[in-house]
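Reviewing the structure listed below.
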Amino acid sequence: MANKQLHKKATQDSLLKDLIKYRWIYILALPGLLYLLVFKYVPMYGVTVAFKDYSSRLGILQSPWVGMKHFMRLFASRDFAILLKNTLFLNVYKIAVMTPLAMVFALCLNAIRNVYTKRIMQTISYFPHFLSWVVISGITFQLFSPYSGTLNQILIKLGMQPMTFLSSPKSFKTMLVVFGAWKELGWASIIYLAALSGINTELYEAAQIDGASKLRKTWHITMPALIPTMVTLLLIDIGRIMSVGFEQVYVYLNPILYEKGDVFATYVYRVGLGQGKFSYTTAVELFNTMIGLVLLVVANKISKRLTEESLW
């Protein structure tokens, strides 16, 4: 018993010393921790609305409990299968395109030896990231609008039929992924560029002496060095797999495209705020979040077993 108390006191003393030693680091982290507490954790109490028949007159505390009623309503809804399929497919599509594309783009940028050319290319590729989806949608509508769009005007002058790029259910998901790649490709390549800068140059020099070609160096040195970064980013993307960017989908969505383009985020906005069904849409969003959490945990375990890389 005495040994336990001594061990506990030693642990407390060690913790206190660490707090004093690294006090400025903790002070710097304090605003971020307060932000998470106030805006992320405290509002989580509102999740209880998913298990109640919420009334603005009664408030959250006084609204009656209904258990799993809203979840059962969601699972029985015709929209459920459409929303789940669209959300998963669109995100998997984006990850499948963006992951290799960002890596290849980073390799291409890294291969540029002229510093000024490299900086110009990086600036051009990063710039779209800072544009809102409202601006991006305005640009794309000017280009791809069925009759007034620049591309379709060219097709009409060539005697061809205009193409409905943005209003066709068949091409809607592909166009979203293409626009997303154009907007985020440069930004997504930053972490890969950082990983490339950390590779030991002596490995390339040794490979050069052995007569290895550029392709061999890339395959046997560069790619293995990028795999841990790729796995980490992939796991983060899987964690967000159910949260398609609301703005990206919403600015292009219309009733014709609901069956192919409607996702959980846009459905929650339309039904929750548009129709005032707060309890039901809270249940929808809670289900959406839990599925994302489960996918992240499963993917993390698979990654840890196969590649020994994981988030925890």
Seminar exercise, completed: Inside the stretch 260-312, the number of residues satisfying the requirement of being under 19 Å from Glu247 (Cβ atoms), surrounded by fewer than 17 Cβ atoms within 10 Å (Cβ to Cβ) and among the aliphatic types (A, V, I, L, M) is 2
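Yes/no per residue for (1) within 21 Å of Val97 (Cβ to Cβ); (2) among the β-branched types (Val, Ile, Thr):
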site: Gln161; (1), (2): no, no
site: Val178; (1), (2): yes, yes
site: Gly186; (1), (2): yes, no
site: Ala207; (1), (2): no, no
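Can you tell me which residue is surrounded by the fewest Cβ atoms within 10 Å (Cβ to Cβ) among those in the stretch 136-189 that are assigned to a helix (DSSP H, G or I) and of a type in the set (Ser, Thr, Tyr)? So that I can check it myself, show each step before the final result.
Let us first name the residues in the stretch 136-189 that are assigned to a helix (DSSP H, G or I), namely 136-144, 150-157, 172-189.
Then drop every residue that is not of a type in the set (Ser, Thr, Tyr), which leaves 137, 140, 150, 174, 189.
Working: Ser137: 17, Thr140: 20, Thr150: 11, Thr174: 13, Ser189: 25.
Residue satisfying both the conditions and the ranking: Thr150.
Of these, Met44, Met68, which one is at pLDDT 90 or above and either in the same structural domain as Asp237 (by TED's automatic domain parsing) or over 20 Å from Gly261 (Cα atoms) (or both)?
Numbers: Met44 fails: at pLDDT 90 or above.
Of Met44, Met68, the one residue that is at pLDDT 90 or above and either in the same structural domain as Asp237 (by TED's automatic domain parsing) or over 20 Å from Gly261 (Cα atoms) (or both) is Met68.
Please determine whether any residue of the stretch 112-124 is assigned to a helix (DSSP H, G or I) and surrounded by 17 or more Cβ atoms within 10 Å (Cβ to Cβ).
Let us first name the residues in the stretch 112-124 that are assigned to a helix (DSSP H, G or I), namely 115-124.
Pick out the ones that are also surrounded by 17 or more Cβ atoms within 10 Å (Cβ to Cβ) and you get none.
Within the stretch 112-124, not a single residue is assigned to a helix (DSSP H, G or I) and surrounded by 17 or more Cβ atoms within 10 Å (Cβ to Cβ).
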Exercise. If you check every pair at least six apart or on different chains, which have Cβ atoms under 8 Å apart with a residue in the stretch 190-202 that is assigned by TED's automatic domain parsing to the domain that holds Asn110 and surrounded by fewer than 17 Cβ atoms within 10 Å (Cβ to Cβ) first and a residue that is part of a helix (DSSP H, G or I) and aromatic (Phe, Trp, Tyr) second?
Worked result: Ile190/Tyr126
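Go through the stretch 193-204 and count every residue that is part of a helix (DSSP H, G or I), within 18 Å of Ile112 (Cα to Cα) and of a type outside the set (Phe, Trp, Tyr). Let's see the steps before the verdict.
If we filter the stretch 193-204 for residues that are part of a helix (DSSP H, G or I), which is where we start, we get 193-197, 201-204.
Next cut, within 18 Å of Ile112 (Cα to Cα) only: 193-197, 201, 204.
With the extra rule that they be of a type outside the set (Phe, Trp, Tyr), the set shrinks to 193-197, 201.
So the answer is 6.
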Exercise. Using beta carbons and a limit of 6 Å, which pairs, at least six apart or on different chains, have the first residue in the stretch 36-62 and free of Cβ contacts under 8 Å to residues at least 12 places away in the same chain and the second one surrounded by 10 or more Cβ atoms within 10 Å (Cβ to Cβ) and outside any helix (DSSP H, G or I)?
Worked result: Ser55/Ser63
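Quick check: anything in the stretch 211-232 in the same structural domain as Leu193 (by TED's automatic domain parsing), at positive phi and surrounded by fewer than 19 Cβ atoms within 10 Å (Cβ to Cβ)? Steps first, please.
Keep residues of the stretch 211-232 that are in the same structural domain as Leu193 (by TED's automatic domain parsing), which gives 211-232.
If we keep only those that are at positive phi as well, we get 211.
Then keep just the ones that are surrounded by fewer than 19 Cβ atoms within 10 Å (Cβ to Cβ); that gives 211.
There is at least one residue in the stretch 211-232 that is in the same structural domain as Leu193 (by TED's automatic domain parsing), at positive phi and surrounded by fewer than 19 Cβ atoms within 10 Å (Cβ to Cβ).
The values are calculated or read from the model by the stated rules, or taken from the named source; none is laboratory data. Bear in mind that the values here come from a model prediction, so they are computed numbers and not experimental data. Note that we place each Cβ from the backbone using ideal geometry, even for glycine, and neighbour counts take in every protein chain shown.
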